[in-house]
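To keep things clear, I will list the structure first and then write my remarks on it.
Each value in this text was obtained by applying a stated rule to the coordinates, not by laboratory testing. Predicted model, so just to flag it, every value in this text is computed and none were measured. Cβ atoms come from the backbone with ideal geometry, glycine included; neighbour counts cover every protein chain shown.
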Amino acid sequence: MKKLLSLTIIAILFTVASAKAQSYTTALGGRLGSESGITLKHFVKSNGALEGILGFDNHSWDLTGLYEVHGNAFREPGLDWFVGGGAHIGSYRYKYNHNYYENEVNFGLDGILGLEYTFSGAPINIGIDWKPELNFTGYEGFYPDNFALSIRFTFGR
């Protein structure tokens with residue numbers, strides 16, 4: 001019974017998501033949070049987008065690529081949920097022996113879950129998200145504390 005319920009919920013989510021038409025094609029802006037930087041999102045189909053994030057944080061940078069599935073949230077025009085995943089690569093420096101920094105390469109996988117609102121009367125999109133990371137090199141381990149607010153200009157409505 002639990003399997004049937006889970007499959008039904010997944011089918012409904014994908015049906016809702018596939019019926020959704022995004023209100024913009026491309027959006028570019030800033031991301032403020034645990035890792036601030038620049039975000040670029042481009043829809044490759046009506047409910048699927050690619051997002052690139054160039055993030056900076058305290059002697060480090062990361063380049064992240066994500067694929068996201070979007071769907072309407074709470075039947076509110078302009079309000080969407082999104083979920084997805086991808087990977088990142090970057091570099092960070094840390095203090096060693098209290099007098100210099102070592103450079104390390106950082107590589108891993110990312111998930112993303114969030115909500116975004118696109119204004120109907122202005123080319124602006126605002127989103128909040130949670131983007132946990134699993135690092136295989138550098139700071140190895142799982143980092144679930146990456147939250148951010150993104151503000152973007154939208155193009156191609």
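Given contacts defined as C-alpha pairs under 8 Å and at least six residues apart, what's the relative contact order of region 68-129, whole-number percent? Walk me through the intermediate numbers first.
Values: 112 pairs, mean separation 19.2, N = 62.
31 percent.
Taking every alpha carbon pair in region 102-157, what does the distance histogram look like in 10 angstrom bins from 0, in percent?
Per 10 Å bin, starting at zero, the Cα-Cα P(r) for region 102-157 comes out as 21, 34, 26, 16, 3 percent.
Restricting to DSSP loop positions (anything but H, G, I, E, B) with no more than 13 other Cβ atoms inside 10 Å of their own Cβ, which chymotrypsin sites (Phe, Trp or Tyr not before Pro) remain in region 28-81? Can you show the working numbers first?
Numbers: sites: F43, F56, W61, Y67, F74, W81; in loops: F74.
The qualifying sites are F74.
Please work out how much length the chain gains when fully extended from A73 to Y143, using 0.36 nm per residue of separation minus the C-alpha to C-alpha distance, in nm with one decimal. Show your work: numbers first, answer last.
Working: separation 70, 0.36 × 70 = 25.20 nm, distance 2.69 nm.
22.5 nm is the gain from fully extending A73 to Y143.
For I124 and A87, FRET efficiency with R0 = 35 Å and r from the beta-carbon atoms, rounded to 0.05? Each step should come with its number before you reach the end.
Working: r = 29 Å, r/R0 = 0.82.
After rounding, the FRET efficiency stands at 0.75.
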